[in-house]
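Structure below; questions to follow.
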Amino acid sequence: MTNPFPLSKDDLLKCYRTMRTIREFEERLHVDFSRGDIPGFVHLYAGEEAAATGIMKHLNSGDRIASTHRGHGHCISKGVDVVAMMKEIYGKKGGTGNGKGGSMHIADLSMGMMGANGILGAGAPLVCGAALAAKFRNKGEVAISFVGDGASNQGTFLESLNLAAVWNLPALFVVENNGYAESTARDYATAVDSYVDRAAGFGMPGITVDGTDFFAVYEAAGEIIQRAREGGGPSLLECKMVRFYGHFEGDAQTYRATGELDDIRANHDCLKKFGVQVTAAGVISAAELQAIDQQVLAVIEDAVQQAKAAPLPTLADLTTDVYISY
Ligand SMILES: Cc1ncc(C[n+]2csc(CCOP(=O)(O)OP(=O)(O)O)c2C)c(N)n1
Ligand SMILES: [Mg+2]
């Protein structure tokens with residue numbers, strides 16, 4: 001049997017495991033949040049896994065990313081520990097921010113994950129800084145900013161595109177276009193249809209891909225990341241995608257069309273698509289995928305149990321982790 005894919009079987013299994021880990025992490029948060037177990041606010045990445053995984057597969061720990069309010073998928077695919085993430089979301093000690101940040105402030109600088117961000121468009125200027133540092137270090141590292149379709153209209157994002165182009169930075173700007181900003185449809189609030197056109201307005205290449213197709217994302221991201229590593233400058237990648245849940249947990253989603261969510265799950269599930277592609281090609285069996293599904297469920301259950309058992313931060317913890325010493 002020949003493998004028609006651009007990745008080895010071992011790598012394909014790893015990517016499937018990453019996508020499945022994101023999915024089960026989010027499915028579990030959905031349940032636990034509705035039970036009232038989780039404090040604060042949670043925005044789920046379920047449905048969008050192929051984008052983060054297809055892009056991050058090209059990155060090393062020296063490459064940096066800046067994430068969004070919907071950041072769990074970016075964190076997991078960049079290699080942040082799921083137990084530390086779960087503890088953080090549960091507001092417990094031992095979390096990535098010792099339980100003081102929650103879902104929208106997960107960061108792990110040791111993995112090049114500069115942070116989720118509750119401020120729309122705030123990651124893009126950070127990525128210009130990280131990419132400028134990478135350019136000076138001259139080791140071929142890149143920095144990637146993720147924004148939603150809504151955040152792509154923020155001034156910070158547009159200024160960052162310009163700055164990255166002017167400075168010819170090894171930066172990549174990923175627009176995760178899931179069609180909505182909260183309840184506002186993308187087409188209602190964004191002047192151009194094509195992000196490729198928008199990229200051209202800043203003098204950089206742009207590519208639009210089906211963000212629910214892992215291989216389409218992997219291929220497009222590979223091309224522009226390689227270009228950035230070789231000094232070719234920044235690019236924009238639009239991933240058209242779907243979100244399985246509401247804007248935030250608790251969103252009644254009255255703005256969705258009738259049948260929209262059923263259609264998304266039935267016809268635009270990136271994990272199902274990946275499964276069909278690799279099994280139809282005879283590279284991976286359904287049993288191999290199911291074995292990973294079972295293993296991932298156990299990993300997530302263990303993360304939740306560890307998070308529940310971990311202590312809450314104390315009053316004294318309020319004054320720690322405030323400043324960083326270099
Ligand atoms: C600067 C700023 N303005 C407004 C908000 C409130 N807000 C949070 S998420 C969101 C919608 C974001 O939509 P999009 O960028 O498409 O990302 P998605 O939620 O679809 O992943 C808004 C308006 C914010 N957090 N920051
Ligand atoms: Mg959106």
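Coordinate-derived values only; no laboratory data. The structure presented is a predicted model; accordingly, all values stated were derived computationally and were not measured. Neighbour counts run over all protein chains shown; Cβ positions are idealised from the backbone, glycine included.
Quick check on the stretch 9-319: what are the equivalent-ellipsoid semi-axes from the Cα gyration tensor, as sqrt(5λ), descending, whole Å?
Result for the stretch 9-319: semi-axes of 28, 23, 21 Å.
List the pairs from 14/87; 9/100; 14/240; 135/272 whose alpha-carbon separation is above 29 Å, in the order I gave them. Intermediate results must be reported in sequence, preceding the final value.
Working: 14/87 24 Å; 9/100 40 Å; 14/240 23 Å; 135/272 39 Å.
Beyond 29 Å: 9/100; 135/272.
Can you give me the long-range amide H partners of residue 253? Hydrogens built in the peptide plane at 1.01 Å from N, cutoff under 5 Å, separation of 5 or more residues or another chain.
none
Do any GluC sites (Glu not before Pro) in the stretch 181-239 lie in a loop, going by DSSP, with at most 10 other beta-carbon atoms within 10 Å of their beta carbon, and if so which? Present the calculation step by step, with values, prior to reporting the outcome.
Details: sites: 182, 219, 223, 230, 238; in loops: 182, 230.
Hits after loop and neighbour filter: 230.
Please compute the volume of the convex hull spanned by the alpha-carbon atoms of the stretch 101-195 and report it per residue in Å³. Could you put the intermediate results ahead of the total?
On the way: hull volume 10.0 nm³, N = 95.
It comes to 105 Å³ per residue, whole-number rounded.
With θ set to phi - 60°, apply the Karplus curve 6.51 cos²θ - 1.76 cosθ + 1.60 along the stretch 236-251 and write out the HN-Hα couplings as whole Hz, x wherever there is a Gly or Pro.
Using θ = phi - 60°, the values come out as 10, 10, 9, 10, 7, 8, 10, 10, 6, 10, x, 4, 10, 5, x, 5 Hz.
Evaluate 2.2 N^0.38 Å with N set to the residue count of the stretch 138-261, then give the Cα radius of gyration divided by it. List each step's numbers first, then the result.
Values: Rg = 15.4 Å, N = 124, 2.2 N^0.38 = 13.7 Å.
Expressed relative to 2.2 N^0.38 Å, the Cα Rg reads 1.12.
Here's another thing I want to ask about it. Grab the other residues whose beta carbon is less than 10 angstrom from that of residue 62, score K and R as +1, D and E as -1, and report the net.
Details: positive: 64, 137, 139; negative: 63, 141.
Counting the neighbours of residue 62, the net charge comes to +1.
Divide by every residue of the chain the summed helix terms, -39500 (n - 2.57) for each DSSP H run of at least 4, and state the resulting mean residue ellipticity at 222 nm, rounded to the nearest 500 deg cm²/dmol. Please report the intermediate quantities before stating the final value.
Values: 12 runs with 145 residues, N = 326.
Mean residue ellipticity, 222 nm, calculated: -14000 deg cm²/dmol.
Residue by residue, what Karplus-based ³J(HN,Hα) values in Hz, rounded to whole numbers, does the stretch 276-287 have, using 6.51, -1.76 and 1.60 with θ = phi - 60° and x for Gly and Pro?
Coupling constants for the stretch 276-287: 5, 4, 6, 6, 4, 7, x, 8, 10, 8, 4, 5 Hz.
Which of 90, 218 comes first, and how do the rest follow, when ranked by fewest Cβ neighbours within 10 Å? Don't jump to the answer; show the numbers that get you there.
Values: 90 26, 218 23.
Final ranking by Cβ density, sparse to dense: 218, 90.
Next up: May I ask what percent, to the nearest 5, of DSSP beta bridges between residues of the chain are antiparallel? Please report the intermediate quantities before stating the final value.
Numbers: 3 of 24 bridges.
If we restrict to bridges inside the chain, about 10 percent are antiparallel.
Using a 10 Å cut-off on Cβ atoms, rank the peptides 60-66, 287-293, 187-193 from the highest mean neighbour count down. Don't skip to the end; give the middle numbers.
Values: 60-66: 19.9, 287-293: 13.7, 187-193: 10.9.
Highest-to-lowest ranking by the protection proxy: 60-66, 287-293, 187-193.
What do you get for Rg/Rh over the stretch 145-202 if you use C-alpha atoms and the Kirkwood form of Rh? Can you show the working numbers first?
Details: Rg = 11.5 Å, Rh = 11.9 Å.
Across the stretch 145-202, the Cα-based Rg/Rh ratio is 0.97.
For the stretch 140-150, take each phi angle, set θ = phi - 60°, evaluate the Karplus expression 6.51 cos²θ - 1.76 cosθ + 1.60, and give the result in whole Hz per residue in order, putting x for glycine and proline.
In residue order, the calculated couplings are x, 7, 10, 10, 10, 9, 9, 9, x, 4, x Hz.
Before anything else, pin down the relative contact order of the stretch 9-319: Cα pairs under 8 Å, at least 6 apart, normalised by residue count, whole percent. Could you put the intermediate results ahead of the total?
Numbers: 615 pairs, mean separation 70.5, N = 311.
Reported relative contact order: 23 percent.
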